[in-house]
Amino acid sequence: MEPGKALILIGSAILVLGLVLNYAPWLVNWFGKLPGDIRIQGRNSLVFIPITSMIVISVLITLLANLFFRK
């Protein structure tokens, strides 16, 4: 794939993500609330490690990349 087309595709994906986050936040409410996501909260601190959510995102990105960039 040419660099120009790749940049257009990446920019379009960022635009769609921004629109979803701005106008339909309920579509991503699940992020960080899955079993396996670690949240440690103290008095003055918060540690958040979204392990399961990142695995789900990774699988989705891998599937999309295989659909679009397969030769």
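The values are calculated or read from the model by the stated rules, or taken from the named source; none is laboratory data. Predicted model, so just to flag it, every value in this text is computed and none were measured. Glycine gets a Cβ as well: all are built from the backbone with ideal geometry, and neighbour counts include every protein chain shown. Only protein heavy atoms, including side chains, enter the accessible area calculation; ligands, DNA and RNA are left aside. Shrake-Rupley method; radii C 1.70, N 1.55, O 1.52, S 1.80 Å.
Quick notes on this one:
- Matching the structure-derived log10 I(q)/I(0) by the Debye sum over Cα atoms at q = 0.19, 0.21, 0.25 Å⁻¹ against the labelled list (i) -0.85, -0.89, -1.02; (ii) -0.96, -1.05, -1.16; (iii) -0.60, -0.74, -1.11 gives the label (ii).
- Dipole magnitude of the chain about its Cα centre (Cβ charges: Lys, Arg +1; Asp, Glu -1), debye to nearest 20: 80 debye
- Relative contact order, percent, the chain [alpha-carbon distance under 8 Å, six or more residues apart]: 20 percent
- Overall, the accessible surface of the chain at a probe of 1.4 angstrom is composed of carbon and sulfur to the extent of 70 percent.
- Label-to-label distance, nm, for residues given as residue 49 and residue 27 (7 Å Cα→Cβ offset): 3.1 nm
- Degrees between helix 51-69 axis and first principal axis of the chain (Cα, 0 to 90, nearest 10): 0 degrees
- Cα centroids of the range 9-30 and the range 56-71: 17 Å apart.
- Note that the chain presents 88 Å² accessible area per residue, ligands and nucleic acids not counted, probe 1.4 Å.
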